[in-house]
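The block underneath contains the structure these notes are about, expressed in structure tokens.
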Amino acid sequence: AQGSMIDYGWIRTNPVTIITPAVTFEMHEEMKIALFEQARHYKSLGYKVVMVSHHGPHPISQNTKFTGEPSCAAYCSNVIPDSGSPYIDLAIHGHIHQFKEYFLGNTHVVHNPVCSGVPYPHKMTVEV
């Protein structure tokens, strides 16, 4: 990833240190832990849990034009496991510029490519 993404040459963790894939991976893992702790908490209170993000929550979200590209993880990754999450009912995300809707277990995933110039269902109702 460091060789294929210009971001790694520009983003810094402090005035001197350039961010690396190892650092972003660690941040990603910490974020997943925090996300699922919150989702588990609200699910235990009886709420339906909706996750809204820019980053795609699973590799299935990847735009099919770029399947297999080294930079794919910059757009979507394994936030939600293949089996879905017992704590997340609906995940809505952007960033991919291709409409997709699918299920991972009981987790409903919807990608909204608004403003990308790509056709998508302009009116969509999702029941949670």
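Compute the angle between helix 21-44 and the longest alpha-carbon principal axis of the chain, please, reported from 0 to 90 degrees and rounded to the nearest 10.
Here the helix axis deviates by roughly 20 degrees.
Give, rounded to the nearest 20 debye, the magnitude of the charge dipole that the chain has about its Cα centre when Lys and Arg contribute +1 at Cβ and Asp and Glu contribute -1 at Cβ.
It comes to approximately 240 debye.
With a 1.4 Å probe and all protein chains left in place, how much accessible area per residue does the chain have, in Å²?
I get 65 Å² per residue for this part.
With N residues in the chain, what two-decimal value do you get for its Cα radius of gyration over 2.2 N^0.38 Å?
Cα-based Rg divided by the globular estimate yields 1.15.
The values are calculated or read from the model by the stated rules, or taken from the named source; none is laboratory data. The shown structure was predicted, so the numbers you read here are calculated from the model rather than taken from an experiment. FYI the Cβ positions are ideal-geometry reconstructions off the backbone, even for glycines, and counts take in every protein chain you see. Areas reflect the complete protein model, heavy atoms only, side chains present, ligands, DNA and RNA absent. Shrake-Rupley method; radii C 1.70, N 1.55, O 1.52, S 1.80 Å.
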